[in-house]
Amino acid sequence: MDLAGIWKLQHFDPGEKSPMELADPGFDDRFWIGAAVPGDVHTALIERRIIEPPYFGHNDAKCRWVEGKEWWYRTTFSLEEEPAPSAEGERLELIFEGLDTFAAVFVNGHEAGRTANMLMSHTFDVTRLVRRGWNSLAVRFDPLHLHHRDKERFEWSSYTKERPWLRKAAMNFGWDWGPRMVTVGIWGPVRLERRRVARLEGLYAWTVSANEAEAVIGLEAELRALRPGIEAGRAELEVRLLDDAGEVAASRVLDWPKDEGRAGLWRRSRMLTAELRVPSPRLWWTHDLGEPYLYTLESVLRVEGREVERRSELFGIRTLELALRDEAGGRSFAFVLNGVRLYAKGANWIPADHMIGSIPASTYRELIGLAAEGHMNMLRVWAGGIYEKDVFFDECDRRGVLVWQDFAFANALFPDFNRDFMENVRREVEDNVKRLRNRASLALWCGNNEIDWLYDMKSAGGDIKGPFFGERIYHELIPGVLEELDPARPYWPSSPYGAEEGYDANDPGTGDRHNWQVWHGSVYPRMHGEPPQLDYSMEGVTFKNYKKDYALFSSEFGMHASANRYTLEKYIPQGEFYWGSAEMSYRNKDTNHRKGILLMESYTGIPRDIEEYMNFSMLTQAEGLKYGIEHFRRNRRRNSGALVWQLNDSWPGTSWSMIDYELLPKASYYYAKTFFHPVLLSLEHEPGEPLRVWVVNDTLGTLAGTVRLTVHPLAGGAPWTAAEFAVRAEPGTAVELGSVEEAAVLNGAEPGDVLIALSAAGFDAPENRGYLRDPKEVRLPVAELAVRVEEAAGTVTVAASPAAAARFVKLELPMGQVRYSDNFFDLLPGESRTIRVSRPADGPPLPWDGLRVSALNGGPKG
């Protein structure tokens, strides 16, 4: 029975009312407000206009009172059947997939149990509490301060000292990209399940081996009897693998094991193991390498011929390993999918809203769809959020996007010396591992975010003088649970993690790496135990430092960019939408606002107004990520992955995201369609140095053809071919095709007066355009843009005049979730481009009257 829907909601001061009064089945809740479940308190209050939308202006500060109250949810449900006596082996279980955070659950006035963890599901046996007909259900949520006010405070807990004892999404307390929004409520689905006679506690399935002829699927089933008397030969578990046409690809029947004759043994769970052999299997691939083919894994438990439980889930046949050594025996950090050494391209994922329970499924589909369309094949689920919802993994499975899943421990010390805390963590880890371990998309479990690395830095810097509290979680508890429940999947203790030969855990020579020299100014390399250094200067934060980074795997790096105009105008009060306003500053939660100014000052120049800020920050982010990622990919022999910080936003702020809160991609996303493309044409160049031309081939086929380097004068005139290179690039390689001196390329032109284009013939690759100097040194003529709109066709055609190239052409409509087939692009003199514009299927019509088309060197065109 699904118990989702509109429940009743009310708040009280802690202790104001007796729990027995508010949980009583006969309590009159007619005057309470309605609240959606799944959901959260903040969203309910917004919908009922009790609080103002917290992301508008400074309204988040107005609703801080919510976290200090005791909140109650109430609902009712009806049962058609009287629960059977327990001797007949029937159980009725109440399951909450998300309770945020300290909850007491009451059924018909009886307290069924309490919870202390937002990050897992909770099950209550309510067999003796429910009755045929009408039933009441109530849930009380305590304010968090009741559970941490008397707890020990640790030396380190980023952004707030209350977090370590609370198993709750860390980002709710504020981070350097989002506000404090301490949520509460029933954030996951709720259901009542009836179990009879026996149950399937869990089914673990993994690919043991796979080739063209056959795949071997390992199975491990955990069964439990709910009454005595189930004997071998009278119960069975049938497991079937169905193809996408519903035909059986493989099946196996597992018999109930024989009891050993000891009294009471029936109460214990039984483990059954077996294999499925699948002839001519279709493998699951990331979308860039093949088809993410999914079978259906169906399991049916029968006792004495009667079906007592049935489960069905999607399952992909694939092998995946984390290779820490390359073919020559050197260090590496590479994912090997179905025997293919993958280059991981993607971004870090944070919750798509601080109000996690109210994020619609459509938002997950949009964001993961955008990631796949942007040629991303991996998302890292960051440790300060949640173990994402099933819809997230459904979409990643279907779209062929791998998932790096952090365990929920971020940037703090945690009380691993406390028995109750560790038992809470163990249940959390076991619950999420069992839920997610059969996912084709799940590539890696990771113990924490930055804790091992930052503990050393903060100890060396004098901020921490005590022990590494929490170390037992990542290096003992979690790997122990995974060895038992998911031994087939790689585990990595922390991100970043490495530290050999005296360097710290962010060593580029081992494991994965976070590059925060760019933007944060962290000085590298750093030895273990050495005090950390910061360089807040143009040279210290510039993205040109990416070229010094030879990491094996780049799992975090990035820089800020403004949100899109529509997103900012929607949430900033009238009169405050200008560069330097208090409201614009409030959108930026980073610790030091100078970083973005320094980065722009060195590259574009300092913006003079809001228009230049939006353009300059987006251009700097886009070109900076292009610069870094092309460097990483050119070094494919060593570097095996680039995951940008970050894909998405949790609120309408200024951040490192590539897609803003209103699901409008920034310029960097459109650039990613080239720099993340499976075939990359790349120009390596610094002012005054030769131009080196590369091709990177991440496909499974060999590339053969030519690459042409063409020079286009920005002020018009005939372009010329400066060089042409023959190409033969084997699968999974980066090949330097050759080089040409800068003077020979320019042919007498000034370096700030031209645009360079790399194009391919004989194989498919997007053209890659670039400049020989930074934007503030490029002499852009004034561009004239001609714009033609075909509303019926949903297209906009933009053309540049023959006399001037148009730099950073931007299309804007005053609406969220608008999709442009391209945006933030350059037009050569006389060139035109037609852009397809679309909206969500259930969205309003496109507001064509509000269309703006502009370029850095050309004003808005309506």
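Scanning the range 63-91 for residues that are crowded, with 21+ Cβ neighbours inside 10 Å and out of contact with any Phe, Trp or Tyr (no Cβ under 8 Å at 6 or more places or on another chain), we see that the one that is nearest to Val184 (Cα to Cα) is Val66.
Report yes if Arg224 is closer than 25 Å to Glu430 by Cα, out of contact with any Leu (no Cβ under 6 Å at 6 or more places or on another chain) and either part of a strand (DSSP E or B) or hydrophobic (A, V, I, L, M, F, W, C) (or both), otherwise no. Answer is yes for this residue.
The residues in the range 1-44 that are in contact with a Leu (Cβ under 9 Å, 6 or more places away or on another chain), surrounded by 13 or more Cβ atoms within 10 Å (Cβ to Cβ) and among the charged types (D, E, K, R) can be counted, and the count is 1. Cβ separations smaller than 9 Å between residues 6+ apart or across chains give the following pairs from the range 676-687 residues that are within 13 Å of Gly770 (Cα to Cα) to residues that are assigned to a strand (DSSP E or B) and of a type in the set (Phe, Trp, Tyr): Leu681/Trp694; Ser682/Trp694; Leu683/Trp694; Glu684/Trp694.
Only strands (runs of 3 or more DSSP E) whose full extent lies in the range 374-473 are considered here, and none of them has at least 3 residues that are within 20 Å of the chain's Cα centre (by Cα) and of a type in the set (Lys, Arg). When each of Val518, Val481 is tested for being of a type in the set (A, V, I, L, M, F, W, C), assigned to a loop (DSSP other than H, G, I, E, B) and farther than 16 Å from Asp452 by Cβ, the lone residue that passes is Val518. With respect to the conditions (1) more than 30 Å from the chain's Cα centre (by Cα); (2) among the basic types (Lys, Arg); (3) surrounded by 22 or more Cβ atoms within 10 Å (Cβ to Cβ), Arg167 lacks only one, and its number is (1).
Only residues that are outside any helix (DSSP H, G or I) and among the polar types (S, T, N, Q) were counted in the range 595-619, giving 1.
Might you check whether a residue that is part of a loop (DSSP other than H, G, I, E, B), in contact with a Phe, Trp or Tyr (Cβ under 9 Å, 6 or more places away or on another chain) and hydrophobic (A, V, I, L, M, F, W, C) occurs anywhere in the range 328-338? Give the steps one after another, and end with the answer.
Quick first cut of the range 328-338, residues part of a loop (DSSP other than H, G, I, E, B) only: 328-330, 338.
Among the residues that remain, those that are also in contact with a Phe, Trp or Tyr (Cβ under 9 Å, 6 or more places away or on another chain) are: 338.
Filter once more, so that each one left must be hydrophobic (A, V, I, L, M, F, W, C): none.
No - not one qualifying residue is present in the range 328-338.
Here are Ser358, Ser362: which of them is out of contact with any helix residue (DSSP H, G or I) (no Cβ under 9 Å at 6 or more places or on another chain), on the phi < 0 side of the Ramachandran plot and small (Gly, Ala, Ser)? Before you say what the answer is, go through the steps one by one.
On the way: Ser358 fails: out of contact with any helix residue (DSSP H, G or I) (no Cβ under 9 Å at 6 or more places or on another chain).
After applying the criteria, what remains is Ser362.
One residue is enough: does the range 99-117 have a residue meeting the conditions crowded, with 21+ Cβ neighbours inside 10 Å, in contact (Cβ under 8 Å) with a residue 12 or more places away in the chain, touching a strand residue (DSSP E or B) at 6+ places or on another chain (Cβ under 6 Å) and farther than 25 Å from Gln10 by Cβ? No, there is no match, as no residue in the range 99-117 is crowded, with 21+ Cβ neighbours inside 10 Å, in contact (Cβ under 8 Å) with a residue 12 or more places away in the chain, touching a strand residue (DSSP E or B) at 6+ places or on another chain (Cβ under 6 Å) and farther than 25 Å from Gln10 by Cβ.
Selection of first residues in the range 531-560 that are within 28 Å of Arg341 (Cα to Cα) and of second residues that are at pLDDT below 95 and of a type in the set (Phe, Trp, Tyr), restricted to Cβ pairs under 9 Å at least 6 apart or on distinct chains, gives the following pairs, ordered by first then second residue: Asn545/Tyr524; Lys548/Tyr524; Asp549/Tyr524. In the range 775-862, counting only strands (runs of 3 or more DSSP E) that sit wholly within it, none holds 3 or more residues that are in contact (Cβ under 8 Å) with a residue 60 or more places away in the chain, assigned by TED's automatic domain parsing to the domain that holds Ile606 and within 34 Å of the chain's Cα centre (by Cα). Quick one: in the range 702-757, of everything that is in a strand (DSSP E or B) and either charged (D, E, K, R) or not assigned by TED's automatic domain parsing to the domain that holds His685 (or both), which residue is nearest to the chain's Cα centre (by Cα)? Only one residue tops the list, namely Glu736. Among the residues of the range 638-659, are any in contact with a strand residue (DSSP E or B) (Cβ under 6 Å, 6 or more places away or on another chain) and among the basic types (Lys, Arg)? No, every residue in the range 638-659 fails to be in contact with a strand residue (DSSP E or B) (Cβ under 6 Å, 6 or more places away or on another chain) and among the basic types (Lys, Arg).
Among what's in the range 395-421 and is hydrophobic (A, V, I, L, M, F, W, C) and within 18 Å of Leu342 (Cα to Cα), pick the residue that is surrounded by the most Cβ atoms within 10 Å (Cβ to Cβ). Of everything passing the filter in the range 395-421, Cys396 is surrounded by the most Cβ atoms within 10 Å (Cβ to Cβ).
The values are calculated or read from the model by the stated rules, or taken from the named source; none is laboratory data. Remember, it's a predicted structure, so these values are computed and weren't measured experimentally. A quick note on method: Cβ atoms are made from the backbone with ideal geometry, for glycine too, and the neighbour counts reach across all protein chains shown.
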